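Scroll down for the structure; my scribbles are underneath it.
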Amino acid sequence: MNATPPDGVGADRPASPVLQRKITIGDVAARAGVSKSAVSFVFNGRSGVGEEARERILEAARALEWRPDARARALSRSRAQALGLVIRRAPELLSTDPFFPQFVAGVESFLSTVGYALVLQVVDGEEAEREAYSRFAHEARVDGVFLTDLRVEDERPAELAGLGMPCVLLGSGTGEGTAPIGLDDAAGIRRAVRHLHALGHERIAHVSGSDRYVHSRVRREAWASELAQLGLRPGTVVEADFTGAAGARATHELLDDPEPPTAIIYANDIMAIAGISAAIDRGVRVPHDLSIIGFDDIPLAPYIIPPLTTVRQDVFQWGNACARALVSIVEGNEPGAIELPPVEFIVRGSTGPVRGQGEAIIEAAG
């Protein structure tokens, strides 16, 4: 004898919710009005898709919340789906210099759209750096690396080639070997020198970075050549290491000279800001007695007293462009043309007319 089932048991139940269909590359292509090949090209970092179509594809992918299956791509291609960045810098510099956070943000802004990850490693010496690249290669942890802080007679590109590790070079052009991806450092320094010359300065010093770095030499040579071009006598240069402490020491050294400079151009903003502090501690007024120019236009630059005149470079776009190029290389494609915004010269309150000329201008205006 069958008992009456409890209430609800065996009764009609609401239908189970239908599982949502997985979004595919075809859905993205249809929404963007392009072919599936075009979507694949964009997410594999390949050229051949116009900027307008590329934006439509990325917008469609965002709207549909679609991303390439990174694990499947890695397994099918025997790739790690990751790129490496080894930073060899002093910890105190990394904690204060926003260059690398901005660069990494630019890299990630592209890698996040193509299913790649960034593997970051900070090292404290040449041997540790070499070991990091070796581990990356032998453990197949990354498919390629970003090579920063190019050095004079740099052996790392050849070593990476020996490891079979693709790389993209970051920095100023050296005229030798593979052309690096970088901004025109020299143009920014030349504009700084011309700005000071227009204000009447003739004794223009330079606090450089380490001479072993290519970009330090490029900036130093641009400073020296522009002085010569303007008919000014060679200025004094002090080599430092991009840290605030080194910038302050270099400033004191320059101001101790029997004929101190009336203006100083620094290789980065951190040293320039420290230079302003060092000058003020000595009773030197900025810019009345001494004009100061930095390089990078870090977020703090407009807010110090006086606000820092500096050279601005778009590090975020630089990182984005480098990521596009490296993904194209590891995917077996030719990188498209790299177009980076030009450096800008930003005039703020840390520069002014040389003292005698400035007073004459004020008297004439009165």
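Readers should treat all values here as calculations from the given coordinates under stated rules, not as data from a laboratory. Every value quoted in this text rests on a predicted model; they were computed, and no experiment measured them. A quick note on method: Cβ atoms are made from the backbone with ideal geometry, for glycine too, and the neighbour counts reach across all protein chains shown.
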Least to most buried among Thr262, Thr24, Thr251, Thr243 (fewest other Cβ within 10 Å first): Thr24, Thr243, Thr262, Thr251
For a quick check: with amide H placed at 1.01 Å from N, whose amide H comes under 5 Å from Leu232's, ignoring anything fewer than 5 positions away on the same chain? none
Most exposed first by the Cβ proxy, i.e. fewest other Cβ within 10 Å, how do Glu334, Glu126 rank? Glu334, Glu126
From the backbone phi of segment 192-198, what are the Karplus-calculated ³J(HN,Hα) couplings (6.51 cos²θ - 1.76 cosθ + 1.60, θ = phi - 60°) in whole Hz, Gly and Pro given as x? 4, 5, 5, 4, 5, 4, 5
Residues whose placed amide H lies under 5 Å from that of Val119, excluding near-sequence neighbours: Leu83, Gly84, Leu85
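Using the Cβ atoms and a cut-off under 13 Å, what net charge is assigned to the surroundings of Ala279, where Lys and Arg are +1 and Asp and Glu are -1?
Working: positive: Arg249, Arg282, Arg285; negative: Glu253, Asp256, Asp281, Asp289.
Local charge sum for Ala279: -1.
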For His201, distant residues with modelled amide H under 5 Å away: Val354
Could you give each residue of segment 201-215 its phi-based ³J(HN,Hα) in whole Hz, using Karplus coefficients 6.51, -1.76, 1.60 with θ = phi - 60°, and x for Gly or Pro? 7, 10, 9, 10, 9, 9, 9, 9, x, 4, 6, 7, 8, 4, 5
